[in-house]
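A.B. asks: To start, I am sharing the structure in question, which I have written as structure tokens.
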């Protein structure tokens, strides 16, 4: 996908709104614009029906019931609600430990810290291997009847690791531990049709699946909902779990994006083929290149996190502008100068982490763009090396 002269290879940061999705959203900005909670007139009923259809579509995506879908502003809020929503349990049960990993998104790690600092909970870190997968033996050693929650990313946003979430849920269930999946990257990476059978809560984000920004949802198992303390109080909408007037156009857009995913069954295979081609093209250039994380065929189909030993990723990225949009990691943390906590968490040194870049491809990526991107990377590395900006690896 080109945005004017820029080749866009940053789909894991944000996807474009699919034209089909946009067309479904438009009428709810200027035609059917009523408040969906206005229960006394037909215009409100129409808006409410649109919201409920969006709920149904998202429920179908993961195999749950519509009333188990709670709309939020995005995966960050969903993750916060899943974790901080259990704060009431700390004082009323003996379970006060949260288990997570060091490679999670900040919207998982930071609420865990808040639970520890403000609500007397504890959190402990499960080890991961060089690919970022949970060490199941270590996980089993951490689980007990004092553990309240296991919260992990089903698919890592930086290195594309797909967790064995079915096995993880089976293990956690033996100890009565709740499982929350940060599923923001999951819809484009793996089949989710029965995901709700392998988690108690799942966070999703509209703009990671060709829907609009500013909308997400949290699947909360029906019998668990009464244990969740809301973050937002007010009118008591959405079973009292997330008050506020629902943004119907955004809900419709996210629902349409979920529905569209189910109608493009071979998309993951085609995107993986493109990622494999990019990996091959970059390896042909003659520059040293190392893949971070799992093999190409065992990760998010569009993800390729690599490092170019001897080069600083920030220098490569800067030199590629405005021709190629890639990233040094999660868009939520790449504005910092610290090396990626995800890459450090899978065992890379600080220097290795600083040389890593994430290429992420998607629905609109073309083979011509891959050829052009490889050419741009080649020219950039040669230019940096000529300028004396390559260090001994």
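The values are calculated or read from the model by the stated rules, or taken from the named source; none is laboratory data. Predicted, not measured: the structure shown is a model, and the values here were computed from it. Positions of Cβ are generated from backbone atoms using ideal geometry, with glycine treated the same way; all protein chains shown enter the neighbour counts.
A.B. asks: Residue 293: outside any helix (DSSP H, G or I) and modelled with pLDDT of 95 or more, yes or no?
C.D. replies: yes
A.B. asks: Now for a different question. Could you check the stretch 132-154 and list, in sequence order, the residues that are part of a loop (DSSP other than H, G, I, E, B), free of Cβ contacts under 8 Å to residues at least 24 places away in the same chain and loosely packed, with under 14 Cβ neighbours inside 10 Å?
C.D. replies: Matches in the stretch 132-154: none.
A.B. asks: Something else about it: Please pick out the residue among 299, 307, 283, 242 that is surrounded by fewer than 15 Cβ atoms within 10 Å (Cβ to Cβ), modelled with pLDDT of 95 or more and either in contact with a strand residue (DSSP E or B) (Cβ under 7 Å, 6 or more places away or on another chain) or not assigned by TED's automatic domain parsing to the domain that holds residue 194 (or both).
C.D. replies: Sole residue among the options that is surrounded by fewer than 15 Cβ atoms within 10 Å (Cβ to Cβ), modelled with pLDDT of 95 or more and either in contact with a strand residue (DSSP E or B) (Cβ under 7 Å, 6 or more places away or on another chain) or not assigned by TED's automatic domain parsing to the domain that holds residue 194 (or both): 283.
A.B. asks: Restricting the search to the stretch 337-353, which residues are part of a loop (DSSP other than H, G, I, E, B) and free of Cβ contacts under 8 Å to residues at least 60 places away in the same chain?
C.D. replies: Once the filter is applied, which keeps residues that are part of a loop (DSSP other than H, G, I, E, B) and free of Cβ contacts under 8 Å to residues at least 60 places away in the same chain, the stretch 337-353 yields 337, 338, 339, 348, 349.
A.B. asks: On to the next question. Can you pull out the residues in the stretch 19-56 that are surrounded by 14 or more Cβ atoms within 10 Å (Cβ to Cβ) and not in a helix (DSSP H, G or I)?
C.D. replies: Within the stretch 19-56, 32, 34, 35, 36, 37, 38 meet the criteria.
A.B. asks: Please tell me if residue 288 is over 18 Å from the mean Cα position of the chain (by Cα) and not in a loop (DSSP other than H, G, I, E, B).
C.D. replies: no
A.B. asks: Sticking with this one: Quick one: count up the residues across the stretch 142-158 that are touching a helix residue (DSSP H, G or I) at 6+ places or on another chain (Cβ under 6 Å) and farther than 20 Å from residue 81 by Cβ.
C.D. replies: Residues that pass the stated criteria total 1.
A.B. asks: Taking interchain pairs and intrachain pairs at least six residues apart, which have beta carbon atoms under 7 angstrom, with the first residue in the stretch 293-308 and at positive phi and the second part of a loop (DSSP other than H, G, I, E, B) and buried (at least 21 other Cβ atoms within 10 Å of the Cβ)?
C.D. replies: 293/132; 293/159; 293/160; 293/346
A.B. asks: Confirm whether residue 101 is touching a residue at least 12 places away in the same chain (Cβ under 8 Å) and crowded, with 20+ Cβ neighbours inside 10 Å.
C.D. replies: yes
A.B. asks: Residues being over 21 Å from residue 292 (Cα atoms), assigned to a helix (DSSP H, G or I) and in contact (Cβ under 8 Å) with a residue 60 or more places away in the chain: count how many of those fall in the stretch 354-375.
C.D. replies: Final tally of qualifying residues: 4.
A.B. asks: Turning to a different aspect of this structure: Go through the stretch 57-83 and give me each residue that's over 17 Å from the mean Cα position of the chain (by Cα) and part of a helix (DSSP H, G or I).
C.D. replies: 57, 59, 60, 66, 67, 68
A.B. asks: Could you tell me which of the residues 250, 178, 188 is closer than 25 Å to residue 369 by Cα and in the same structural domain as residue 161 (by TED's automatic domain parsing)?
C.D. replies: 188
A.B. asks: Among the numbered conditions (1) under 20 Å from the mean Cα position of the chain (by Cα); (2) within 24 Å of residue 240 (Cα to Cα); (3) in contact (Cβ under 8 Å) with a residue 40 or more places away in the chain; (4) in a helix (DSSP H, G or I), tell me where residue 111 comes up short.
C.D. replies: Here residue 111 clears every test but (3).
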